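Reviewing the structure listed below.
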Amino acid sequence: MKKNIKWRFSLIAIALLASFIALLPNTPVYKIMHKAYRDIMPDKGIILGLDLQGGIYLVYEVEGVKAVQLNAKRIAGSINKLLLKKEIKAEATANEAEITIAPASSDVRKTVENAFPTLAAKEADGRLIYTLSEKETKSIKENAVDQALETIRNRIDQFGVSEPVIQRQGEGEIVVQLPGVKDPKRAIDLIGKTAQLEFKLVDDESKLAAEIPTSVKPVDEDDFIAKTKDKIPEGGEILFERHTNRESGEVTKHPYLLKKDALMTGDYLSEAKVAIDSRFNTPYISVTFNPEGAKLFEELTGKYVKKRMAIILDGNVYSAPVIQEKIAGGNAQISGSYSMEEAKDLAIVLRAGSLPAPVNLLQNITVGPSLGSDSIEAGKRAALVAFILVAVFMGIYYRMAGVIADFALVLNIIFLLGAMAAINATLTMPGIAGIVLAIGMAVDTNVLMFERMRDEIKLGKTPRAAVDSGYDKAFLTIVDSHVTTLITAAVLFQFGTGPIKGFAVTLSIGIAINLFTSLVGTKAVFDYLNSSKEVKNLSI
């Protein structure tokens, strides 16, 4: 018996020590500890959720229709390359979810349908029109949301936000919760960048090119487009390079006439990092291509020596250097008039990959830290009041046994907080509600056992026999009630949103710990009291 009691108290002591260690990062003691000790200790503890420490709550909508259009455009580009390779004189253009090829011929149809068997064709006015099927369109939209979700998650991870919540909502929406973000605008800009990186040739040979100044001379964008829109040659487009005056903040733009078809895209990118130009002490982005991209880049720079190649991100020209010679090794650089912070964010979106389609910000809610601190204080008061009321009731109604239950209640709260700290759980306001509920459930188990003990004493059993019988006979009922509640918590966690999940986490951890403190903690105290001296009456 005594060996059994020592084993139980040792287990409780180990659990207490582990809980205190896990909770250290959430206490003032952690800040004054020596760095050598902090290095071997947990460094996060319990993380406060968005509603407690402040931050931003964003809802984005992925433009599924645009994803379909971009996919059709990519297919049209692939078809054009294929027709050129086969030396077939025809051209493919994309419009919405349709790809039109003119002129139509049996060679064109055979070539395209062999390469793209899922496309269905119809012929009209000497043209072939391929339409993406409804099933394929739906699949493209679904994949666009999934890819956007992963891309946003990668960007946020590299941005350095602790414990973000990024999840799908409905058919085409993505919810992003960023606790503790100090600069919401920067985070929103980072998430919303499409990050479509393209390399295009500058058209210096058409008539319009002569009207565009080669030096970086600012122009009015709207005015320039109005004057030149009828002069843009077929297969060409006008894009602008932005220049920001660092002292005044004034933004000016310089136009470029470009070939519309991209020679290369950011799909071949393997690395992007910030570097410093030693000549001007300004930041630029150093990009590295994968082996396939390095080979393609070497071929392009060899083919277009003495030509200008524009580097474009999201429709903005960043630079348009003259290719002096073939560039081997798969390295390039993106330079522009941006700050170190902007350069870092640009490198992040390039590394994380481009979004498959633009995303629209539907909802933007900023939660201030003052609201969070008020919520924490309200939660503390609620938990403290609940604890005091439960402890007083148990002490009055069950006497000495109630005090033992209060001891288990204290253990329950410490172990619960320690377990959450150990797994770096995010504590939200609903999570605090889960803790308060766990406090009530913690004594519920003891109430079942105490009532059973009372029944056993009425039957004339000794205190020791009543305690043992009470635990044994109430055991299955206790386990049943806890397992059913745990199943409910698991369902809430699986299918609930962020706040519901926070409630489910604290509730399920509290249930598991409640079983331990009630069946091991209080039993150890009762056994100790019964073994230390002959107990004639049980104060219950």
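In the set (1) at pLDDT 80 or above; (2) surrounded by 15 or more Cβ atoms within 10 Å (Cβ to Cβ); (3) aliphatic (A, V, I, L, M), the condition left unmet by Leu362 is number (2). Highlighted here are the helices (runs of 4 or more DSSP H) found entirely within the stretch 1-63 that include at least 2 residues which are of a type in the set (Val, Ile, Thr), open to solvent by less than 70 Å² (accessible area, probe 1.4 Å) and modelled with pLDDT of 80 or more: 2-23. Close contacts from the stretch 458-480, counting a first residue that is part of a helix (DSSP H, G or I) and a second that is basic (Lys, Arg) and open to solvent by less than 100 Å² (accessible area, probe 1.4 Å), with Cβ to Cβ under 7 Å and a gap of 6+ residues or different chains, come to Ser469/Lys461; Gly470/Arg452; Tyr471/Lys523; Lys473/Arg452; Ala474/Arg452. Being of a type in the set (S, T, N, Q) and under 29 Å from Leu23 (Cα atoms) is true of Ser375. If the condition is being at pLDDT 85 or above and among the aliphatic types (A, V, I, L, M), then the stretch 408-432 contributes Ala408, Leu409, Val410, Leu411, Ile413, Ile414, Leu416, Leu417, Ala419, Met420, Ala421, Ala422. Quick check on Gly330: is it over 21 Å from the mean Cα position of the chain (by Cα), modelled with pLDDT under 85 and either closer than 30 Å to Ala405 by Cα or of a type in the set (S, T, N, Q) (or both)? No; evaluated as a whole, the condition is false for this residue.
So that you can scan it fast, the table gives a plain yes or no per residue for (1) outside any helix (DSSP H, G or I); (2) of a type in the set (Gly, Ala, Ser); (3) open to solvent by less than 30 Å² (accessible area, probe 1.4 Å):
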position: Leu355; (1), (2), (3): yes, no, yes
position: Val392; (1), (2), (3): no, no, no
position: Gly395; (1), (2), (3): no, yes, yes
position: Gly402; (1), (2), (3): no, yes, yes
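Among the residues of the stretch 384-407, not a single one is out of contact with any Cys (no Cβ under 9 Å at 6 or more places or on another chain), at pLDDT below 80 and under 28 Å from Leu11 (Cβ atoms). All of Ile166, Ile174 fail the test of being more than 26 Å from Gln333 (Cβ to Cβ), free of Cβ contacts under 8 Å to residues at least 60 places away in the same chain and within 11 Å of the chain's Cα centre (by Cα), apart from Ile166.
Mind counting the residues in the stretch 272-283 that are open to solvent by 40 Å² or more (accessible area, probe 1.4 Å) and at pLDDT below 85?
4
Among residues of the stretch 251-263 that are part of a strand (DSSP E or B), those with a Cβ under 9 angstrom from a residue that is of a type in the set (Ser, Thr, Tyr), sequence gap 6+ or separate chain, pair up as Val251/Thr244; Thr252/Thr244; His254/Ser215; Pro255/Thr228; Leu257/Ser206; Leu257/Thr228. When the stretch 266-288 is filtered for residues that are more than 25 Å from the chain's Cα centre (by Cα) and within 13 Å of Ala332 (Cα to Cα), the ones remaining, listed by number, are Ala275, Tyr284, Ser286, Thr288. Could you list, in sequence order, all residues of the stretch 285-319 that are open to solvent by less than 50 Å² (accessible area, probe 1.4 Å) and either at pLDDT below 85 or of a type in the set (Val, Ile, Thr) (or both)? Hits for the stretch 285-319 are Ile285, Val287, Thr288, Thr301, Ile311, Ile312, Leu313, Gly315, Val317, Tyr318, Ser319.
The values are calculated or read from the model by the stated rules, or taken from the named source; none is laboratory data. Computed from a predicted model, the values in this text were never measured in an experiment. Cβ coordinates were reconstructed from backbone atoms using ideal geometry, including for glycine residues, and neighbour counts include every protein chain displayed. Side chains are part of the model used for accessible areas, which takes the heavy atoms of the whole protein and leaves out ligands, DNA and RNA. Shrake-Rupley method; radii C 1.70, N 1.55, O 1.52, S 1.80 Å.
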